[in-house]
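The values are calculated or read from the model by the stated rules, or taken from the named source; none is laboratory data. The structure presented is a predicted model; accordingly, all values stated were derived computationally and were not measured. FYI the Cβ positions are ideal-geometry reconstructions off the backbone, even for glycines, and counts take in every protein chain you see. Just the protein is used for accessible areas: all its heavy atoms, side chains included, with ligands, DNA and RNA removed. Shrake-Rupley method; radii C 1.70, N 1.55, O 1.52, S 1.80 Å.
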Amino acid sequence: MRAYYRANRDKWKKYNRDALARMTDEQRTAFEERQRQLYRQYYEAHREKVIQRTSKYNNSHRETLKVYRAKWYQENKREIAAKRRRHYHAVVKPRQQKSKETSEFVTISQAAEILGAKHRTFREWVYQGRIAAIRTPGGRYLLRRADIEDIQTNISHIPEKIRKALGLLEKRGES
């Protein structure tokens, strides 16, 4: 019977379609439920075999997809890179800039830039502990933005020797 069915598969499919078309809604629902029961019974009876077959198919299918994706990626590499760049400049970079501007903390170089101080001297003073900073687990130093703004507003109260060492006199003269 199985060989006959395989040989005449198209004929059987047409026969089944026609038979379904002639059924009423209740008959079709009952037929579909019966089919589901048969599938469940088959699965329960041959569970191990079904699992083995599907995993075998999935593994081979996975390899085929892997090859296809690699080929597709190679063909579309330029477009993908262009989309990533556009996204970075349109979305990511503005978001980073906004968060930097509103952040409570600044890096040493940002603080030196805000004050117009010599970066090297300012960094050395932070390392020595003369200027209050927080060290992150990654080894970076962060300074509170409020502290830097206080220094900026009260620059005239800082002794001239310290202003000179930090390079703040040039900044004051320009302002």
With label points set 7 Å from each Cα along the Cα-to-Cβ direction at HIS87 and LYS100, the distance between them in nm comes to 2.2 nm
Pull up the cross-link candidates among the lysines for LYS118, meaning alpha carbon to alpha carbon under 24 Å and not fewer than 8 places away within one chain. LYS100, LYS161, LYS164, LYS171
Expressed in nm to one decimal, what extension gain is obtained for the pair GLU26 and ALA45 from 0.36 nm per residue of sequence separation less their Cα-Cα distance? 4.0 nm
³J(HN,Hα) across the stretch 146-156 via Karplus (A = 6.51, B = -1.76, C = 1.60, θ = phi - 60°), whole Hz, x for Gly/Pro? 4, 5, 5, 5, 5, 4, 5, 6, 9, 4, 6
Measure out, as a whole number of angstrom, how far apart the alpha-carbon centroids of the stretch 1-66 and the stretch 67-140 sit. 57 Å
Heavy-atom accessible area ranking, 1.4 Å probe, most first, across TYR73, TYR57: TYR57, TYR73
Taking Cα atoms, the helix 47-75 axis meets the longest principal axis of the chain at an angle in degrees (rounded to 10) of 50 degrees
So what is the 222 nm mean residue ellipticity for the chain from helices alone, if each DSSP H run of at least 4 adds -39500 (n - 2.57) and you divide by all residues, rounding to the nearest 500 deg cm²/dmol? -23500 deg cm²/dmol
Can you sort ARG9, ARG78, ARG120 by solvent-accessible area, 1.4 Å probe, largest first? ARG78, ARG120, ARG9
Take every Cα pair under 8 Å in the stretch 87-175 that's 6+ residues apart, average their separations, divide by the length, and report that relative contact order as a whole percent. 32 percent
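Counting Lys and Arg as +1 and Asp and Glu as -1, each charge on the Cβ, what is the dipole of the stretch 58-175 about the Cα centre in debye, to the nearest 20?
Working: 27 positive and 13 negative charges, 150 e Å.
It works out to roughly 720 debye.
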Probe radius 1.4 Å, ligands and nucleic acids ignored: give me the carbon and sulfur share of the accessible area of the stretch 18-175 as a rounded percent. 52 percent
Principal-axis tilt of helix 9-22 within the chain, Cα atoms, nearest 10 degrees: 90 degrees
In nm, to one decimal, how far is the modelled label at GLN152 from the one at ARG140, with both set 7 Å along Cα→Cβ? 1.9 nm
Using a probe radius of 1.4 Å on heavy atoms only, what accessible surface per residue do you get for the stretch 1-136? Whole Å² is fine. 88 Å²
Between 0 and 90 degrees, rounded to the nearest ten: what's the tilt of helix 119-128 against the longest Cα principal axis of the chain? 90 degrees
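What relative contact order, as a whole-number percentage, does the chain give when Cα pairs under 8 Å and 6 or more residues apart are counted?
Once divided by the residue count of the chain, the mean separation gives 16 percent.
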